[in-house]
Amino acid sequence: MDRAPGQQPGAAELISSVESAGATVYHPIMESSRRELASVFALLERLHDATPGELQLQSQPLRGGLEAAGVARVVARFRDSRGRRRVFSLVVKRLNGATAREALIYQHLLSRYSDGLGPRLLGWHRIGHDRVMLFLEALRPVSAWPWAEQQTAARVLEHIVRLHTTPTDERLRDVLAVWDYEGELQRTAQRTLGALERARQRTGSSFGPALRWARRLVLGLPALRKQLLSFQPFGPAIIHGDLHPGNVVVRHRRGKRETVLLDWGRSRLGSPLEDVSSWLQSLSAWEPMARQRHDSLFRAYLSARGMDRTLRSELREAYWLAGASNALSGALVYHLTVMLDERCTGGQRASAADSTIKWVRVLRRADAFWS
């Protein structure tokens with residue numbers, strides 16, 4: 001049977017070939033290291049003409065990628081067919097269950113339409129029915145926090161215009177529709193209500209207003225989502241779905257700075273304003289410049305799309321409804337859970353409480369429009 005582009009051979013034949021070559025691994029990549037060692041070797045054999053016998057791998061777990069079962073930066077040392085010593089770095093990402101759809105996103109969206117928006121896909125290997133390993137290029141950021149510059153923060157919004165205006169064919173729509181986001185949003189919104197109720201009981205009346213705002217928004221969530229997705233001049237489009245500073249890297253390439261988006265596991269059809277709101281709200285939570293220049297950054301996105309830069313009242317309304325969708329999709333319940341978890345440190349709970357307050361403010365604004 002023909003293999004898909006980038007697909008590696010079966011695990012059994014890979015394991016056999018690598019073990020017979022005497023390859024070694026320092027620090028297993030994640031779990032099932034024999035299979036992963038074999039898969040990485042097959043990739044290096046294809047990309048760099050690696051020869052058996054002296055493959056050495058070192059791995060370092062990476063933070064982030066909450067949708068993935070594990071992410072690691074892997075450094076491979078080997079000899080090529082000419083006997084030259086080579087060193088090559090890549091990122092190995094394991095996807096289990098429903099998260100395996102991210103492999104489809106790379107194959108059918110990023111590799112075909114939006115090359116350069118995300119890390120380059122070096123290859124992929126299916127371990128089982130719903131278990132996939134992605135091999136991605138390793139990125140070197142220019143700095144850990146480049147967002148104090150307004151121009152750099154605005155460039156992210158200008159960059160995602162390319163994604164939001166990507167045409168969709170039937171195959172791509174089918175790939176994006178594998179995830180029933182609207183159904184999951186309803187379930188997560190209900191969990192958020194439960195967490196807010198526990199917070200109200202724990203703290204007295206301080207979360208009472210937040211609970212009322214959230215109840216009204218959750219009750220109207222189907223109609224809210226319908227209104228948001230039909231809002232013109234945007235309408236439904238391909239969105240990243242999890243746009244925040246932890247998922248964006250700025251690197252130097254070909255003499256200039258380039259923005260790269262990470263973690264595409266929540267990419268879907270949605271409102272572009274969900275990405276815009278996610279970026280501006282998450283960045284504003286940590287960066288004073290972003291709070292002060294919020295409207296200027298929003299206008300930078302509109303300009304990049306060739307739209308009127310006026311922040312009309314109906315546009316602001318749609319923006320805050322998008323923010324409420326983001327809050328109810330998991331952001332708020334995550335911070336509430338940490339805030340209420342007595343096993344977490346005092347610092348973790350204080351940070352989560354601060355983030356909770358910021359997301360509750362988003363609900364307050366959205367409820368004011370929706371009511």
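For this structure, a couple of remarks:
- Residue satisfying condition, being more than 21 Å from residue 295 (Cβ to Cβ) and within 26 Å of the chain's Cα centre (by Cα), within set 340, 321, 315: 340
- The range 315-343 residues that are within 23 Å of residue 232 (Cα to Cα), paired with ones that are at pLDDT 95 or above and not in a helix (DSSP H, G or I) (beta carbon under 6 Å, 6 or more apart): 318/231; 322/271
- Any chance residue 171 is of a type in the set (D, E, K, R), in contact (Cβ under 8 Å) with a residue 60 or more places away in the chain, surrounded by fewer than 19 Cβ atoms within 10 Å (Cβ to Cβ) and out of contact with any Leu (no Cβ under 9 Å at 6 or more places or on another chain): yes
- Set 109, 104, 139, 157: member being in a loop (DSSP other than H, G, I, E, B) and in contact (Cβ under 8 Å) with a residue 40 or more places away in the chain: 139
- Flag if residue 148 is under 20 Å from residue 249 (Cα atoms), loosely packed, with under 15 Cβ neighbours inside 10 Å, touching a helix residue (DSSP H, G or I) at 6+ places or on another chain (Cβ under 8 Å) and of a type in the set (Gly, Ala, Ser): yes
- Answer residue from the range 353-371, given it is hydrophobic (A, V, I, L, M, F, W, C) and surrounded by 16 or more Cβ atoms within 10 Å (Cβ to Cβ) and is farthest from residue 228 (Cα to Cα) among those: 353
- Yes/no for residue 325 being surrounded by fewer than 21 Cβ atoms within 10 Å (Cβ to Cβ) and outside the structural domain of residue 117 (by TED's automatic domain parsing): no
- The residues in the range 192-234 that are in contact (Cβ under 8 Å) with a residue 24 or more places away in the chain and either farther than 17 Å from residue 328 by Cα or outside the structural domain of residue 261 (by TED's automatic domain parsing) (or both) can be counted, and the count is 4.
- Some residue of the range 336-352 being within 20 Å of residue 279 (Cβ to Cβ), crowded, with 18+ Cβ neighbours inside 10 Å and out of contact with any Asp or Glu (no Cβ under 8 Å at 6 or more places or on another chain): no
- Among (1) touching a residue at least 60 places away in the same chain (Cβ under 8 Å); (2) on the phi < 0 side of the Ramachandran plot; (3) touching a helix residue (DSSP H, G or I) at 6+ places or on another chain (Cβ under 6 Å), the one test that residue 266 misses: (3)
- Candidates in the range 199-221 are the residues that are among the charged types (D, E, K, R) and over 28 Å from the mean Cα position of the chain (by Cα); of these, the one that is modelled with the lowest pLDDT is 202.
- Some residue of the range 61-74 being modelled with pLDDT under 85, part of a strand (DSSP E or B) and surrounded by 15 or more Cβ atoms within 10 Å (Cβ to Cβ): yes
- Restricting 88, 78 to those that are touching a Lys or Arg at 6+ places or on another chain (Cβ under 7 Å), outside the structural domain of residue 161 (by TED's automatic domain parsing) and part of a strand (DSSP E or B) reduces the list to 78.
The values are calculated or read from the model by the stated rules, or taken from the named source; none is laboratory data. Since we're looking at a predicted model, the values are computed, not measured. Neighbour counts are summed over all protein chains in view; Cβ atoms, including those assigned to glycine, are modelled from backbone coordinates with ideal geometry.
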